[in-house]
Amino acid sequence: MTVESTAARKPRRSAGTKSTAGKTTTARKTTGSDPELVQLLTPEGKRVKNAEYDKYVAGITPEELRGLYRDMVLTRRFDAEATSLQRQGELGLWASLLGQEAAQIGSGRATREDDYVFPTYREHGVAWCRGVDPTNLLGMFRGVNNGGWDPNSNNFQLYTIVIGSQTLHATGYAMGIAKDGADSAVIAYFGDGASSQGDVAESFTFSAVYNAPVVFFCQNNQWAISEPTEKQTRVPLYQRAQGYGFPGVRVDGNDVLGCLAVTKWALERARAGEGPTLVEAYTYRMGAHTTSDDPTRYRGDEERQSWEAKDPILRLRRYLEASNHADEGFFAELETESEALGKRVREAVRAMPDPDHFAIFENVYADGHALVDEERAQFAAYQASFADVEGV
């Protein structure tokens with residue numbers, strides 16, 4: 001499998017055509033040059049200057065640039081393998097990050113070891129940056145554990161399924177850091193859909209009032225499942241921070257250098273006691289919301305095609321090649337490494353045990369409950385019926 005091939009597939013239908021479900025999909029307008037958008041690397045791989053943020057990546061070396069590229073390629077390979085495993089029945093569900101690699105790798109590499117990260121359920125690239133084994137991410141999606149790693153060993157909290165709730169957890173943790181006088185910061189990830197949740201609004205309020213050292217990193221991939229961003233807000237998401245009294249900034253979420261620089265700036269503000277920041281990484285979800293979703297039912301191919309040209313991996317490769325920072329040997333070696341990662345993930349998942357079908361009845365009530373006992377018995381009888389059929 002070619003590591004860049006996932007984002008380079010041709011769309012199956014043109015925009016505005018009828019989907020298989022008989023519904024008409026339409027393409028939305030996408031922004032062109034946006035003066036509010038921080039961008040250090042264009043889709044064509046051209047380095048552009050920014051007086052405010054250049055200093056945060058001024059000392060980056062060719063080796064570090066290759067490292068960012070490697071991070072994005074391997075994260076995409078892992079994500080593609082997980083999607084395939086779900087299609088093969090090995091995982092119950094998978095939330096792909098396809099197209100959002102730059103936002104996650106750039107921001108993830110901006111954190112320090114002593115910073116604490118609160119993810120949602122799609123931050124596979126950030127987990128990679130924090131040293132979490134990719135295979136540990138898959139146990140929850142297979143149903144064999146509730147996370148698979150110790151949050152305190154990597155300062156990376158377990159995945160959060162409840163939309164937006166992790167921002168409150170992050171704010172409380174950041175308030176604790178401030179009271180302890182620790183020289184570290186917290187970063188909380190969420191999506192554009194979660195920005196409409198009350199928990200996020202409460203987090204903004206508390207973090208502002210208590211000047212908490214927290215960075216709210218919103219990956220605006222423009223689609224909260226099937227709901228476009230314009231159905232949720234009348235202003236760009238980063239501008240919401242103004243109403244709470246702290247700064248907000250919008251960065252090109254497909255520009256790994258821009259995401260790295262802006263997140264470094266925001267984290268430094270937090271560590272210096274200057275309070276919270278809202279970072280809106282303006283990006284695009286190239287695939288489905290999860291593997292249970294069909295994006296062709298609510299968005300057109302023209303929109304996706306316009307974003308394929310802004311692919312975060314391709315733009316950094318163009319820059320590496322134009323700057324003579326990487327040769328064909330590097331890319332070939334990385335291709336081999338990505339295939340090895342895919343094989344390791346595949347073998348690890350298939351070696352995992354099947355989920356315990358009766359685990360869902362445990363820990364529902366502290367002291368047990370008659371209704372739960374009844375439901376467990378009914379489910380046991382249902383499971384036994386399959387064994388009876390097989391024995392006939």
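The values are calculated or read from the model by the stated rules, or taken from the named source; none is laboratory data. Because the structure is predicted, anything quoted here is derived from the model rather than measured. Cβ: placed from backbone, ideal geometry, glycine included. Neighbour counts: every protein chain shown. SASA here: full protein model, heavy atoms, side chains in, ligands and nucleic acids out. Shrake-Rupley method; radii C 1.70, N 1.55, O 1.52, S 1.80 Å.
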Entirely in the range 141-226, the helices (runs of 4 or more DSSP H) that have 2 or more residues that are among the β-branched types (V, I, T) and modelled with pLDDT of 95 or more: 165-180, 198-209
Residue among G108, G92 that alone is open to solvent by 20 Å² or more (accessible area, probe 1.4 Å) and among the small types (G, A, S): G92
Close pairs (7 angstrom Cβ cut-off, 6 or more residues apart or separate chains): aliphatic (A, V, I, L, M) in the range 117-140, open to solvent by 20 Å² or more (accessible area, probe 1.4 Å) and not in a loop (DSSP other than H, G, I, E, B) anywhere: V132/N154
Contacts under 6 angstrom Cβ, first residue in the range 185-204 being over 16 Å from Q219 (Cα atoms), partner open to solvent by 10 Å² or more (accessible area, probe 1.4 Å) and at pLDDT below 95, 6 or more apart: none
Test result for I163, out of contact with any Cys (no Cβ under 9 Å at 6 or more places or on another chain) and open to solvent by less than 50 Å² (accessible area, probe 1.4 Å): no
Which numbered condition G273 fails, given (1) under 19 Å from V215 (Cα atoms); (2) open to solvent by 20 Å² or more (accessible area, probe 1.4 Å); (3) not in a loop (DSSP other than H, G, I, E, B): (3)
Residue count, the range 115-132 (criterion: outside any helix (DSSP H, G or I) and either farther than 15 Å from D79 by Cβ or of a type in the set (A, V, I, L, M) (or both)): 7
Residue in the range 298-308 that is over 24 Å from L40 (Cα atoms) and either assigned to a helix (DSSP H, G or I) or free of Cβ contacts under 8 Å to residues at least 24 places away in the same chain (or both) present: yes
Hey, A288 open to solvent by less than 40 Å² (accessible area, probe 1.4 Å), assigned to a loop (DSSP other than H, G, I, E, B), of a type outside the set (F, W, Y) and closer than 30 Å to I60 by Cα or not: no
Only one of D327, D294, D311, D373 that is under 30 Å from V262 (Cα atoms), of a type in the set (D, E) and out of contact with any Gly (no Cβ under 9 Å at 6 or more places or on another chain): D327
Long-range neighbours under 6 Å by Cβ, at least six apart or interchain, first residue of a type in the set (V, I, T) within the range 146-157, second surrounded by 14 or more Cβ atoms within 10 Å (Cβ to Cβ): none
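Residues are listed down the side, and each one gets a yes or a no for (1) β-branched (V, I, T); (2) out of contact with any helix residue (DSSP H, G or I) (no Cβ under 9 Å at 6 or more places or on another chain); (3) under 22 Å from W94 (Cβ atoms):
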| position | (1), (2), (3) |
| --- | --- |
| A261 | no, no, no |
| P295 | no, no, yes |
| Y298 | no, yes, yes |
| L320 | no, no, no |
| N324 | no, no, no |
Count - residues of the range 234-245 that are open to solvent by less than 30 Å² (accessible area, probe 1.4 Å) and free of Cβ contacts under 8 Å to residues at least 40 places away in the same chain: 1
Residue in the range 209-222 that is open to solvent by less than 10 Å² (accessible area, probe 1.4 Å), within 28 Å of G99 (Cβ to Cβ) and out of contact with any strand residue (DSSP E or B) (no Cβ under 7 Å at 6 or more places or on another chain) present: no
D373 vs. criteria more than 22 Å from the chain's Cα centre (by Cα) and of a type in the set (D, E, K, R): yes
The range 309-328 - residue that is over 16 Å from G67 (Cβ atoms) and without any contact (Cβ under 8 Å) to a residue 40 or more places away in the chain and, of those, least open to solvent (accessible area, probe 1.4 Å): E328
Hey, E333 assigned to a helix (DSSP H, G or I) and surrounded by 13 or more Cβ atoms within 10 Å (Cβ to Cβ) or not: no
Qualifying positions in the range 267-284 - farther than 25 Å from A224 by Cα and in contact with a helix residue (DSSP H, G or I) (Cβ under 9 Å, 6 or more places away or on another chain): L267, E268, A270, G273, E274, G275
All positions within the range 336-352 that are of a type in the set (A, V, I, L, M) and assigned to a helix (DSSP H, G or I): A340, L341, V345, A348, V349, A351
